[in-house]
Amino acid sequence: MASKLLRAVILGPPGSGKGTVCHRIAKNFGLQHLSSGDFLRQNIRSNTEAGVLAKQYMQQGLPVPDDLITRVMLSELEKKTTHSWLLDGFPRTVVQAEALDKICDLDLGIDDVTGEPLVQQEDDKPDAVVARLRQYKDVAKPVIERYKGKGILHTFSGTETNKIWPYIYTLMSTRVTPVHPEDTSQAFRPEEQ
């Protein structure tokens, strides 16, 4: 296995289980889980220029513009040059993917479509969720095609994270040594396969 730093991205629609998969990968393989949502919330709490602007868009139910989220994320990634990391929620558009490509080479892109039920947050009303899913489908296709073309996209589909986790774990194990190895056979029962 290579000892170089691993740079990976998790792609998937809202509510698809990206956060759960990222948490498991980070825990088992020692990667830093970098969430665009977490960084935006930090900027909003800290009242940074980017945070104030992002909050204005979010309060109107609008997506945060590419240039703003890219500025926030690239600023954070510049601080992580000596760490292996896993990006969650970025890049979402081709413009964001192109900006990311300029500062680093990705090793792996995981397309996570688990089909798990959405967990309704306070601000996730049904109409808003439908709109977010439609928007994701429109903007994600070129990003997925970009990573597929580079040969770094791996797609996992299923109805539950526990069912796809053994396959993700096996893939990750070929790229980086687990820091907390687990017996993936315990993650799901054979009759669930």
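The values are calculated or read from the model by the stated rules, or taken from the named source; none is laboratory data. It should be emphasised that the depicted structure is a prediction, and the values quoted were computed from it without experimental measurement. Reconstructed Cβ throughout: ideal geometry from the backbone, glycine too, with neighbour counts over all protein chains shown. The protein model used for the area step is the full one, side chains on, heavy atoms only, and it has no ligands, DNA or RNA in it. Shrake-Rupley method; radii C 1.70, N 1.55, O 1.52, S 1.80 Å.
How do S75, S46 rank by accessible surface area computed with a 1.4 Å probe, from largest to smallest?
S46, S75
For K148, what accessible surface area do you get with a 1.4 Å probe? Give it in Å², rounded to 10.
So the heavy atoms of K148 present about 120 Å² to solvent.
Sorted from largest to smallest, which semi-axis lengths in Å does the alpha carbon gyration tensor of segment 1-93 give for its equivalent ellipsoid, taking the root of 5 times each eigenvalue?
Semi-axes from the Cα gyration tensor: 25, 15, 11 Å.
Counting Lys and Arg as +1 and Asp and Glu as -1, each charge on the Cβ, what is the dipole of segment 1-73 about the Cα centre in debye, to the nearest 20?
320
Residues with amide H under 5 Å of L11's amide H, sequence separation 5 or more or different chain, H placed in the peptide plane at 1.01 Å from N; which?
For L11, whose amide H was placed from the backbone, the distant partners under 5 Å are I110, D111, D112.
So how much accessible area does L31 have, in Å² to the nearest 10, using a 1.4 Å probe?
10
For segment 33-75, what is Rg from Cα atoms divided by 2.2 N^0.38 Å, rounded to two decimals?
1.02
Which entries in the list K27/K137; K137/K163; K102/K150 go over 25 Å, if you measure between the two C-alpha atoms of each?
Beyond 25 Å: K27/K137.
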